[in-house]
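The values are calculated or read from the model by the stated rules, or taken from the named source; none is laboratory data. Everything numeric here is computed off the predicted structure, so don't read it as measured data. Please note: Cβ atoms are built from the backbone with ideal geometry, for glycine as well, and neighbour counts cover all protein chains shown. Side chains included, ligands, DNA and RNA excluded: accessible areas come from the protein's heavy atoms. Shrake-Rupley method; radii C 1.70, N 1.55, O 1.52, S 1.80 Å.
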Amino acid sequence: MFWDLIQQSELENQKAKADTLEARVALLEEELTKTKALLLKTLRILEERSGQDIDGDGKLG
């Protein structure tokens, strides 16, 4: 019975770690999305102001 309690505790600890990791991954994915959007916005402004195709997509802005 004592062994079962230890195993249950370990399972709960592992689940908490997994939940924490999933939350961290979700946060990082959200931050990545925001960073990409900001980068694209910055690139468009740079291309429009410099008149150069910086990212090589064949168009300005």
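Just a few scattered comments:
- Accessible surface calculations at 1.4 Å, restricted to protein heavy atoms, place the chain at 92 Å² per residue.
- Net charge of neighbours whose Cβ lies under 12 Å from the Cβ of T35, counting Lys and Arg as +1 and Asp and Glu as -1: 0
- Distance between the pseudo-spin-label points of K34 and E12 (7 Å out from Cα toward the beta carbon): 3.4 nm.
- Label assignment, Cα Rg over 2.2 N^0.38 Å derived from the structure, set (i) 1.36; (ii) 2.23; (iii) 1.12: (ii)
- For the chain, the mean residue ellipticity at 222 nm estimated from helices alone is -30000 deg cm²/dmol, where every DSSP H run of n ≥ 4 contributes -39500 (n - 2.57) and the total is divided by all residues, rounded to the nearest 500.
- Just the protein heavy atoms count here, and of the accessible area of the chain at 1.4 Å, carbon and sulfur take up 61 percent.
- For K41, the lysines whose Cα comes closer than 21 Å to its Cα, not counting residues fewer than 8 places off in the same chain, are K59.
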